[in-house]
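Bear in mind that the values in this text are calculations on the coordinates, not laboratory data. These numbers come from a predicted model, not from an experiment.
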């Protein structure tokens with residue numbers, strides 16, 4: 001399947017002004033990144049879509065609850081079979097979360113990436 005390429009939360013155009021597309025494993029990575037960067041209740045057609053950002057907006061964020069929230073968000077993608085590796089790094093001072101993930105897809109391919117929230 002093909003979809004629009006998104007970088008820094010914006011569509012990407014080539015030098016000719018045409019929308020760039022992404023497919024295959026890169027499309028899968030982008031799909032998971034979109035899930036993690038969407039807040040639950042943000043998309044009115046599917047209010048459970050995304051990651052629950054309220055887990056980060058507490059005085060003392062709980063890394064175990066954050067991990068569970070990330071797993072819940074990633075596994076919303078029906079093409080994800082298993083999460084092989086999930087590393088979270090939370091900067092409590094800025095409440096910035098960096099997530100490194102490695103997932104096994106239903107297709108048998110393994111993909112990995114890093115997302116900052």
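Computed over the Cα atoms of the chain, the ratio of the radius of gyration to the Kirkwood radius (Rg/Rh) comes to 0.99.
Counting helices only, and only those DSSP H runs with n ≥ 4, report the 222 nm mean residue ellipticity of the chain as the sum of -39,500 (n - 2.57) divided by its residues, in deg cm²/dmol to the nearest 500.
Value at 222 nm, helices only, nearest 500: -6500 deg cm²/dmol.
Treating each Cα of the stretch 66-117 as one equal point scatterer and applying the Debye formula with no solvent, the log10 of I(q)/I(0) at q = 0.16, 0.32 Å⁻¹ comes out as -0.46, -1.30.
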